[in-house]
Ligand SMILES: [Fe+2]
């Protein structure tokens, strides 16, 4: 079957409106087909795409990490009823005996610290999702300024949420595998933004009885596997991240564009402000090239780093979802991938809350410095027409 280049996917391929399958209302708003809308368990969280919703470019803001405010002995988060179970020795913790809705602000700060330390925490059967989209937005604001996605569906009136909705229809699977041999696509959410995602919530509203797991990979551990000499070299490099391809995909499917697409340069190795550790900050979905290198050199090196993260199963875990499961992870540290491995035509409906983190820095002396610009080389900037610099 010939590959339709215009339908190629980068980034989150499950976030788009599909003209011909979904509906365009008389008010111009794009919605999931009515037959599917009527079947869902959480209609308040159904995605919609309003083409009239437009936003200016995101601007720098200071990020105050809630993990840095936390008491490291966790007196507010952990009490006699709460149990923690590690998923792997270094990565991931299942928390039982706790409802997110019951946490005080001090306990939320401690949750952030625990997420930073463990990469991801998973909580089953949370009443969190029953309180509606407005509650979810307000909750997320404790962890950072909420991101509005450039193209994805959001509940009507709640643009700060990001909904992934897989229709109960076999065309979903055909679409995923049209030009791919696997549904696996590791990435960091919105790494192309000036201040990409930090502490990120993802809640399952409904889904298949089994399957649809999320895979997580630890980029701190990946960095620490490298030789000191190579670590030192990588720490001098910077990478262009782009949202243009994701924007193109949305447009080619009849979807929307809330903000102009962006490119930003980030350090290849970033330092975590809470853990003070270095991690590899590149991902196959949104990283495009290493600024300091020639294209073949950049391709070779990026491919090695992607493979290191994606194929090292000993720095990964697999999270399973049940009804009302909530996973919260540190997008600065982990990459993740969906897994489309079920075939029954059932709805898979999830909502993401995406607080933004700090502008990634290669050295904490630049943390929250509005004048920091990665790879500022005036001479090269003028001469180099390969690189599209944004005004940031
Ligand atoms: Fe994602």
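Points to keep in mind about this one:
Rundown of residues vs (1) at pLDDT 95 or above; (2) in contact with a helix residue (DSSP H, G or I) (Cβ under 8 Å, 6 or more places away or on another chain); (3) surrounded by 20 or more Cβ atoms within 10 Å (Cβ to Cβ), yes/no style:
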site: 280; (1), (2), (3): yes, yes, yes
site: 294; (1), (2), (3): yes, no, no
site: 299; (1), (2), (3): yes, no, no
site: 336; (1), (2), (3): yes, no, yes
site: 352; (1), (2), (3): yes, no, yes
site: 360; (1), (2), (3): yes, no, yes
site: 377; (1), (2), (3): no, no, no
site: 389; (1), (2), (3): no, yes, no
site: 392; (1), (2), (3): no, no, no
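- Any hit, the stretch 87-94, residues being touching a helix residue (DSSP H, G or I) at 6+ places or on another chain (Cβ under 6 Å), part of a strand (DSSP E or B) and modelled with pLDDT of 95 or more: yes
Residue-wise test of (1) in contact with a strand residue (DSSP E or B) (Cβ under 8 Å, 6 or more places away or on another chain); (2) within 16 Å of the ligand (Cβ to nearest atom); (3) farther than 28 Å from residue 67 by Cα.
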site: 189; (1), (2), (3): yes, yes, no
site: 195; (1), (2), (3): yes, no, no
site: 199; (1), (2), (3): yes, yes, no
site: 204; (1), (2), (3): yes, yes, no
site: 221; (1), (2), (3): no, no, no
site: 228; (1), (2), (3): no, no, yes
site: 234; (1), (2), (3): yes, no, no
site: 243; (1), (2), (3): yes, yes, yes
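- Residue 226 satisfies every condition listed in (1) part of a loop (DSSP other than H, G, I, E, B); (2) surrounded by fewer than 19 Cβ atoms within 10 Å (Cβ to Cβ); (3) under 17 Å from the mean Cα position of the chain (by Cα) except (3).
- Test: residue in the stretch 209-219 that is surrounded by 23 or more Cβ atoms within 10 Å (Cβ to Cβ), touching a helix residue (DSSP H, G or I) at 6+ places or on another chain (Cβ under 7 Å) and closer than 27 Å to residue 38 by Cα: no
- Qualifying residue in the stretch 151-168 (condition: over 23 Å from the mean Cα position of the chain (by Cα) and surrounded by fewer than 20 Cβ atoms within 10 Å (Cβ to Cβ)): yes
- Of residues in the stretch 344-378 being assigned to a loop (DSSP other than H, G, I, E, B) and within 30 Å of residue 132 (Cβ to Cβ), the one nearest to the ligand (Cβ to nearest atom): 354
The values are calculated or read from the model by the stated rules, or taken from the named source; none is laboratory data. Keep in mind the model is a prediction, meaning the values are calculated, not measured. So basically every Cβ, Gly included, is an ideal-geometry build from the backbone, and we count neighbours across all protein chains shown.
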